[in-house]
1. Of the numbered conditions (1) surrounded by fewer than 18 Cβ atoms within 10 Å (Cβ to Cβ); (2) over 17 Å from I225 (Cα atoms); (3) at pLDDT 90 or above, I75 satisfies every one except a single condition; which is it?
2. Name the single residue that is most open to solvent (accessible area, probe 1.4 Å) among those in the range 206-217 being assigned to a helix (DSSP H, G or I) and over 15 Å from Y44 (Cβ atoms).
3. If the Cβ limit is 7 Å and pairs must be 6+ apart or interchain, which residue in the range 158-171 that is touching a residue at least 60 places away in the same chain (Cβ under 8 Å) pairs with which residue that is open to solvent by 30 Å² or more (accessible area, probe 1.4 Å)?
4. Could you tell me whether L46 is more than 28 Å from E194 (Cβ to Cβ), modelled with pLDDT under 95 and in contact with a helix residue (DSSP H, G or I) (Cβ under 8 Å, 6 or more places away or on another chain)?
5. Residues being of a type in the set (S, T, N, Q) and not in a helix (DSSP H, G or I): count how many of those fall in the range 50-106.
6. Can you run down the residue pairs with Cβ atoms below 6 Å, 6 or more apart or on separate chains, where the first is in the range 1-22 and farther than 22 Å from Y234 by Cα and open to solvent by 80 Å² or more (accessible area, probe 1.4 Å) and the partner is assigned to a helix (DSSP H, G or I) and of a type outside the set (S, T, N, Q)?
Amino acid sequence: MNKKILPFILPIIIIVLWAIVTMVLKLVPDYVIPSPVTVITSGYDLVITGRLFLDTTDTLFKVISGLIIASIVAIPCGLLMGWSKKLEEMTKIVVGVLRPIPPLAWIPFSILWFGIGTVPAIFIIFMGCVFPILIYTIDGVKRTDKVLVEAGETLGANSYQTLTKVIFPSSIPTIVSGLKVAVGIALMCTVSAEMIASDKGLGHLILNASQLFDTGATVIGMLAIGVIGLIFDYIFNKAQNRIFW
């Protein structure tokens, strides 16, 4: 069977079963599980009004912003903590205490500090992404082949050059894996934050639709999030295929 067709088989089966349950057998009412036709109609309305585009771009902006800020903080810190045992020991307690705290636990403080809107959502995404990227970066540094480090030092590289020219390039595949994990967390964080601390975005769209029992629009919002995740996953998979050696 063609490998390009294989990924579409299960989704098609699910859609067919979904249509049979909701439209042919009518086992559940439309407000509990919307039919494919209802979802398509809601999606068309959201596209025509422009709301789906605006909410999707708003969510994307938050996700990318939070991910970039988290990367700017976590990658340099991870390189230094992985390189210096003293620094890792100094920060071990703080990281160990903060890392298990769910990002959504920061929502009350994000509202107090930043109010309602885009900034608190970006802050929540940052808190969700920074520690996975940090841990993966530290792990990437520690996985660096000692032979490469010793070769660099033998050729006269100082600590800065060893860190930037040897350890960082060697750690990139692991850092990309951390970013891939962080994207999934970022999407979960932004949708939850948008339901509470934002007045727009896909999370806000899903919340409003569910309150109005518009299950079709709710499903469209969920699918939009899934598609965003799929696109990011594709991008990082392509990046991993290019940089893994």
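The values are calculated or read from the model by the stated rules, or taken from the named source; none is laboratory data. Remember, predicted model here, so these are calculated numbers, not experimental data. Here the Cβ positions follow ideal geometry from the backbone for every residue, glycine too, while neighbour counts run over all protein chains shown. The area values use the complete protein model at the heavy-atom level, side chains included, leaving out ligands, DNA and RNA. Shrake-Rupley method; radii C 1.70, N 1.55, O 1.52, S 1.80 Å.
1. Condition not satisfied by I75: (1).
2. Only one residue tops the list, namely Q211.
3. L163/W83; I167/W83
4. no
5. Residues flagged as of a type in the set (S, T, N, Q) and not in a helix (DSSP H, G or I) within the range 50-106 amount to 1.
6. none
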